[in-house]
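Worksheet: the structure to be examined is printed underneath.
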Amino acid sequence: MKPAPFNYRAPDKLTEALDLLATYGSDAKVLAGGQSLVPAMNFRLNRFALLIDINRIRELEYIRIDGQVLRIGALTRHRDIEMSPLVREHAPLVAEAVRHVAHLPIRTRGTIGGSLSHADPAAESPAIVLALDGTLVLQSRTGARSVRATEFFQGMFSTALQPNELLVEIQLPVAQPGQRFAFEEVSRRRGDFAIVGVGAMVNLQHGRISQARFAACGVGTGPVRLRAAEQLLEQQVPTAALFARAAAAAAAAVDPQTDIHADAEYRRRLLAGLVERVGMRAAGLSEGAKRD
Amino acid sequence: MQNRPPKSWRDAVEHEINIPDQPILATDKVRYVGEALAVIVAESRYLAEDAAELIEVDLEPLPAVATVDMALATDAPKVHDDLKSNVVARLRIRKGDAAGILASGVRSIRHRFTNHRYLAMPIECRGVVSQYDSRSDSLTIWSSTQVVHWVRREVAVRLGLPESRVRCIAPDVGGGFGVKGHVYPEDVLIPYLARRLGRPVKWIEDRHEHLLNSTHARDDRHDVEVAFDDKGRILAIRDNFVKDSGAYTPVGIGAPSNTIAHLLGPYDIPHLEAAATVVVTNKTPNAPYRGSGRPEGVFVMERLMDLVARELGMDPVELRLRNMIPPERMPYSVGIPYRDGVPVVYDSGDFPAALHEAINALGGLEAIRAEQRAAWAEGRFLGLGVASFVEGTGAGPFEGATVRIDPSGEIFVATGACAQGQGHETIFAQVAADEWGVTPDQVTVSIADTGSIALGYGTIASRSAVNSSSAIRKASAVLRQKVFAIAGHLLECAIEDLELRDGRVSVKGVPTMSISLAEIAQAARPGWDHRRPPGMSGGLEVTEYFEPPTVTWAYATHAALVEIDRITGAPIIRKYVVVHDSGVLINPKLADGQVLGGVCQGIGGGLLEEVIYDQDGQLLTGSLMDYLVPTASDMPPIEVIHRETPSPLNELGVKGLGEGGAIAPPVAIANAVCDALRPAGYEIFATPIRRSEILKAIDKILG
Ligand SMILES: Cc1cc2nc3c(=O)[nH]c(=O)nc-3n(C[C@H](O)[C@H](O)[C@H](O)COP(=O)(O)OP(=O)(O)OC[C@H]3O[C@@H](n4cnc5c(N)ncnc54)[C@H](O)[C@@H]3O)c2cc1C
């Protein structure tokens, strides 16, 4: 379990990294926290001429508020997001979900940019960015472009990133009055990738759900927006029966994978249970089983 | 060769054994994914892996034998061409007439039970380092083995060296749990390379190699019939089981014969017929792992207990009590032979008391049942699971000890046991300290080094506390005669008037007349001006071998209170209790550690850990992302209660306790889950316990 030979560069400026990417394209690989990449390298599943280590590019490590947008630099560690008062205040769903990412030592290295670029269908961050309708900023030597989360994720481990591009920033709309959030997941052990996870935003106005955003991980080839559930919920008065119907609708609409940890049927069943639990909690109908 | 059953066993058990040798490297045929077929030596592991990619192997795919059914099919491809079939061993043991009882029209049920494949997974993988000394044509091997003397013998034989030119040492090697309990190809290959290249050679297994290539365990399937009467007395059991041994069977029939010997457990059951068929498949070899065959048999027996109770509408606890051997009947002769050829006789203990104690530690049966009914009424699912078992421990054939007192007065002890974190150094020092009236820090213990003691057997089968401790005691007794003779000579008094106290030999009742062990050791020194009695040889060193008459019988009851998470189907263990009797505890804290560690591994085996192969014999669980080992946060509150019934089979009264913890958790939890889901009639017949199946049962109840 040692990687195949590769060359290594660790630029400390974004422009240098983008130059290298422009030159090497798909012969290069970006190293962020290394928590997904290094295991793959050690299994020799990944081969490339050049490893571009971006960990010295401190300009990509930040969390800030800019009007109605929360900006997170791609190199920000999961742990820094977890501990950030800004995130807790303005993106409580992110704060809640990130605690489910792996274990503390992994969170102190792993980055949100790495997680989104890797696009593991069981990862929490892609589902959350999708639920919040976030925007990702991709940059190459020739310029930057903004891609909505709905367009960024393109299936199993694949994204809109081009070989010469780096994900540099994640933009999330800040939480508005009336919006309430909840995230829950089921994994076989604490810290594992989710078998199924569900994140939700429910906007309650005058006792009705004016807007619902549900997204899940673990039930498709990438993060999945649960539009069937959202449609059922919007403009309705929240009740337990309503969330039960939304859960059934969400479960009927997904096409989960079967793997050694769970079959499709079990995932569908979990999804229903979680949509109900998360929805009820977000709508303030229960404290849910907030087990830690 | 270490594991050939003795003649008395061969005479007592119907058997047929054709176990093929495992080659050091595959030559004409590769029999499982992971079997080594080439070896590369390089300056670093990175280079070696680069070089390995350059090897082109011309392999012709053969049909895979990936399951026992595939192995037993009439037209099955043969895993070993020179064998008649894929069956490498058959064993059959009978007592009474199980077939007759089952045919006699009494009540009976039959079920198929499957114990899945899982494995030991020590945190530290294996490793072998070897250095050759060309001047003396001798090899030193540092191996992460539990059996240094066996490694030495195997290397000596294979490389054509006398044993005296091979030394094997197992330094602090991390966990063993059985997976390091036999000789692996690498144990021979690395010394061979060191000798051939004239340079030290090191191989440290990585986790992927470990999952592919270190032995797996469990993996059998039982077809069982049980006969019983209306009062809940179990009358007869017939069990035919097939064990998937993988491509080779490095420890022979050890595990399946354990399964048979432990099947009847703490119960008085008059008729038994048990037959094992061991088959080879295209999988990683299967060898003992903590419990070795016992968890499999205990899963079958303890599930049957609950199933019979269900048939009769009786509480499973009550059914067990009706069948348990009462303490008055100890020692109890079971009527079948053990693996050492000696008839199984449970030597001591009180099985029903252990069961009562476990239930009481969970609040008592009535309170548990009341809570369960209340939970059901609220749509929650709470269950009690119990598993009682017995455990033959401290197996022979022998272990040795050298005890020496050097002229500084320090006591040196060497024994053939190999420690993997159990605390051997501590308990052997305690035993020696008691023998010599000194404190443990005045004892130096050398273990796991063939350079320290000529013959040894190693640490497997919960045997070291029994065998090494007894050998230390035996050698100490012999040496003490010499020490007393010298002391008597120096103090000018009779030996009968002497006693050992605080590191000194003194005249009874006259503490001022005494002499230290150091002075005695100096007097014993060979050479001019020694002060030994006339005719006595020099030095203070004795080696003795303890050969136990047979195994000591430990026993336990495990009990679990489990609640099911309705959304996920996960069994949440609210409390887990172990009442365990392994005789006299040499060190209670270490005993707790052994039991707790075993329980953790058993919980992992029951709920999380699973080696999975596809139909082509491809391993699907080749990393720790796929093979799930329990972590601290998966552990429930566990209470360990010790009973201490001294074993009459050794002077210390100890029984083994290394494995017991791991034996019962899968079935105790399974029983609790089924008990919780009784309204659905849910029964578990296979491990691991699957949340998806539990959810289906819940759906059935909730409609
Ligand atoms: C034991 C274990 C458990 C884990 N459990 C979870 C879990 O429960 N949930 C979860 O979500 N994750 C989990 N992870 C993954 C972890 O969160 C990783 O940190 C994350 O998936 C990848 O982030 P990274 O910074 O480590 O990326 P890396 O491993 O460095 O990179 C991952 C991929 O993204 C690319 N990449 C990285 N950064 C960029 C960028 N800025 N622009 C373009 N491409 C980029 C890399 O080239 C590579 O292909 C686990 C990991 C381990 C080892």
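The values are calculated or read from the model by the stated rules, or taken from the named source; none is laboratory data. A quick note: this is a predicted structure, and the numbers were derived from the prediction, not measured. Counting neighbours? That spans all protein chains shown, and the Cβs are built from the backbone with ideal geometry, glycine included. Surface areas here come from the heavy atoms of the whole protein model, side chains and all, with no ligands, DNA or RNA. Shrake-Rupley method; radii C 1.70, N 1.55, O 1.52, S 1.80 Å.
Just one of the numbered conditions (1) surrounded by fewer than 18 Cβ atoms within 10 Å (Cβ to Cβ); (2) within 13 Å of the ligand (Cβ to nearest atom); (3) modelled with pLDDT of 95 or more is not true of A:ALA49; which one?
(2)
Evaluate the following for A:GLU265: is it under 30 Å from B:GLU610 (Cβ atoms) and either touching a His at 6+ places or on another chain (Cβ under 9 Å) or loosely packed, with under 15 Cβ neighbours inside 10 Å (or both)?
When the stated conditions are applied, A:GLU265 passes them.
For the condition within 10 Å of the ligand (Cβ to nearest atom), under 20 Å from A:ILE54 (Cβ atoms) and open to solvent by 10 Å² or more (accessible area, probe 1.4 Å), what is the one hit in A:GLY143, A:GLY114?
After ruling out the rest, the residue left standing is A:GLY114.
Quick check on this structure: which one of B:LEU677, B:LEU649 is at negative phi, open to solvent by 40 Å² or more (accessible area, probe 1.4 Å) and more than 14 Å from chain A (Cβ to nearest Cβ)?
B:LEU649
Residue under question is A:VAL69, and the condition is that it be more than 15 Å from the ligand (Cβ to nearest atom) and either within 30 Å of B:MET625 (Cα to Cα) or open to solvent by 10 Å² or more (accessible area, probe 1.4 Å) (or both); does it hold?
Answer is yes for this residue.
When you check B:SER476 against the structure, is it open to solvent by less than 20 Å² (accessible area, probe 1.4 Å), under 22 Å from the mean Cα position of the chain (by Cα) and of a type in the set (Ser, Thr, Tyr), yes or no?
In short, no.
Just one of the numbered conditions (1) away from chain B (no Cβ under 14 Å); (2) over 30 Å from A:VAL202 (Cα atoms); (3) within 9 Å of the ligand (Cβ to nearest atom) is not true of A:ILE106; which one?
Of (1) away from chain B (no Cβ under 14 Å); (2) over 30 Å from A:VAL202 (Cα atoms); (3) within 9 Å of the ligand (Cβ to nearest atom), only one is false for A:ILE106: (1).
Does the stretch A:210-228 include one or more residues that are away from the ligand (no atom under 16 Å from the Cβ) and in a helix (DSSP H, G or I)?
So far as the stretch A:210-228 goes, yes, one or more of its residues are away from the ligand (no atom under 16 Å from the Cβ) and in a helix (DSSP H, G or I).
State which residue is farthest from the chain's Cα centre (by Cα) when the search covers only the stretch B:410-423 and only residues that are open to solvent by 10 Å² or more (accessible area, probe 1.4 Å) and closer than 30 Å to B:ARG525 by Cβ.
The extreme case among them is B:GLU410.
Given the conditions (1) out of contact with any strand residue (DSSP E or B) (no Cβ under 9 Å at 6 or more places or on another chain); (2) away from chain A (no Cβ under 14 Å); (3) open to solvent by less than 10 Å² (accessible area, probe 1.4 Å), which single one is not true for B:ALA276?
The failed condition is (1).
Just to confirm my filter: which helices (runs of 4 or more DSSP H) fall fully inside the stretch B:1-89 and include at least 2 residues that are within 27 Å of A:PRO3 (Cα to Cα), open to solvent by 40 Å² or more (accessible area, probe 1.4 Å) and of a type in the set (A, V, I, L, M, F, W, C)?
So the answer is B:45-54.
Tell me the residue from B:ARG532, B:ARG501 that is over 29 Å from B:ALA454 (Cα atoms) and open to solvent by 10 Å² or more (accessible area, probe 1.4 Å), please.
B:ARG501
Within the stretch B:328-351, count every residue that is crowded, with 18+ Cβ neighbours inside 10 Å and part of a helix (DSSP H, G or I).
1
For the stretch B:397-430, give me the residue count where each residue is hydroxyl-bearing (Ser, Thr, Tyr) and over 10 Å from B:SER446 (Cα atoms).
Within the stretch B:397-430, residues that are hydroxyl-bearing (Ser, Thr, Tyr) and over 10 Å from B:SER446 (Cα atoms) number 2.
With open to solvent by less than 40 Å² (accessible area, probe 1.4 Å) and either at pLDDT 95 or above or over 24 Å from B:GLY593 (Cβ atoms) (or both) as the only criterion, which of B:PHE398, B:PHE428 stands out?
Details: B:PHE398 fails: open to solvent by less than 40 Å² (accessible area, probe 1.4 Å).
Of the residues listed, the single one that is open to solvent by less than 40 Å² (accessible area, probe 1.4 Å) and either at pLDDT 95 or above or over 24 Å from B:GLY593 (Cβ atoms) (or both) is B:PHE428.
Give the residues of the stretch A:193-202 that are within 16 Å of the ligand (Cβ to nearest atom) and either in a strand (DSSP E or B) or touching a Phe, Trp or Tyr at 6+ places or on another chain (Cβ under 9 Å) (or both), sorted by residue number.
The answer is A:ILE195, A:VAL196, A:GLY197, A:VAL198, A:GLY199.
How many residues are open to solvent by less than 40 Å² (accessible area, probe 1.4 Å), out of contact with any strand residue (DSSP E or B) (no Cβ under 6 Å at 6 or more places or on another chain) and within 9 Å of the ligand (Cβ to nearest atom) if we restrict to the stretch A:22-36?
Of the residues in the stretch A:22-36, 1 are open to solvent by less than 40 Å² (accessible area, probe 1.4 Å), out of contact with any strand residue (DSSP E or B) (no Cβ under 6 Å at 6 or more places or on another chain) and within 9 Å of the ligand (Cβ to nearest atom).
Only residues in the stretch A:95-124 that are assigned to a strand (DSSP E or B) count as the first member; pair them with residues that are near the ligand (Cβ under 7 Å from one of its atoms), Cβ under 6 angstrom, at least 6 apart or cross-chain, and list the lot.
A:THR111/A:ALA32; A:THR111/A:GLY33; A:THR111/A:LEU75
In the stretch B:382-403, what count of residues is obtained for those that are over 26 Å from B:ASN323 (Cβ atoms) and out of contact with any Ser or Thr (no Cβ under 9 Å at 6 or more places or on another chain)?
2
Checking the condition open to solvent by 30 Å² or more (accessible area, probe 1.4 Å), within 14 Å of chain A (Cβ to nearest Cβ) and under 21 Å from the mean Cα position of the chain (by Cα), which residue from B:VAL611, B:VAL629, B:VAL640 passes? Quick ask: steps written out before the conclusion?
Numbers: B:VAL611 fails: open to solvent by 30 Å² or more (accessible area, probe 1.4 Å); B:VAL640 fails: within 14 Å of chain A (Cβ to nearest Cβ).
After ruling out the rest, the residue left standing is B:VAL629.
Within the stretch B:192-215, identify whether any single residue is out of contact with any Phe, Trp or Tyr (no Cβ under 7 Å at 6 or more places or on another chain), closer than 21 Å to B:ASN18 by Cβ and crowded, with 21+ Cβ neighbours inside 10 Å, and answer yes or no.
Yes, some residue in the stretch B:192-215 is out of contact with any Phe, Trp or Tyr (no Cβ under 7 Å at 6 or more places or on another chain), closer than 21 Å to B:ASN18 by Cβ and crowded, with 21+ Cβ neighbours inside 10 Å.
So, in the stretch B:306-327, exactly how many residues are under 14 Å from B:VAL390 (Cβ atoms) and either of a type in the set (Gly, Ala, Ser) or outside any loop (DSSP other than H, G, I, E, B) (or both)?
Of the residues in the stretch B:306-327, 4 are under 14 Å from B:VAL390 (Cβ atoms) and either of a type in the set (Gly, Ala, Ser) or outside any loop (DSSP other than H, G, I, E, B) (or both).
Can you tell me which of B:PRO440, B:PRO407 is at pLDDT 95 or above and surrounded by fewer than 19 Cβ atoms within 10 Å (Cβ to Cβ)?
Exactly one residue qualifies, and that residue is B:PRO440.
Residue-wise test of (1) more than 15 Å from the ligand (Cβ to nearest atom); (2) of a type in the set (D, E, K, R); (3) open to solvent by 10 Å² or more (accessible area, probe 1.4 Å); (4) within 14 Å of another protein chain (Cβ to nearest Cβ).
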position	(1), (2), (3), (4)
A:ALA122	no, no, yes, yes
A:PRO126	no, no, no, no
A:GLU151	yes, yes, yes, no
A:ARG180	yes, yes, yes, no
A:LEU204	yes, no, yes, no
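With respect to the numbered conditions (1) open to solvent by 40 Å² or more (accessible area, probe 1.4 Å); (2) away from the ligand (no atom under 14 Å from the Cβ), which one is the sole condition not fulfilled by A:ARG190?
Condition (2) is where A:ARG190 drops out.
Farther than 30 Å from B:ALA48 by Cα, near the ligand (Cβ under 7 Å from one of its atoms), within 13 Å of the chain's Cα centre (by Cα) and open to solvent by 10 Å² or more (accessible area, probe 1.4 Å) - does that describe any residue in the stretch A:85-94?
We begin by selecting, within the stretch A:85-94, every residue farther than 30 Å from B:ALA48 by Cα; these are A:85-94.
Filter once more, so that each one left must be near the ligand (Cβ under 7 Å from one of its atoms): none.
No, the conditions are met nowhere in the stretch A:85-94.
With respect to B:ALA556, determine if the residue is out of contact with any Asp or Glu (no Cβ under 8 Å at 6 or more places or on another chain) and either within 13 Å of B:PRO636 (Cα to Cα) or modelled with pLDDT of 95 or more (or both).
Numbers: out of contact with any Asp or Glu (no Cβ under 8 Å at 6 or more places or on another chain): no; either within 13 Å of B:PRO636 (Cα to Cα) or modelled with pLDDT of 95 or more (or both): yes.
No; evaluated as a whole, the condition is false for this residue.
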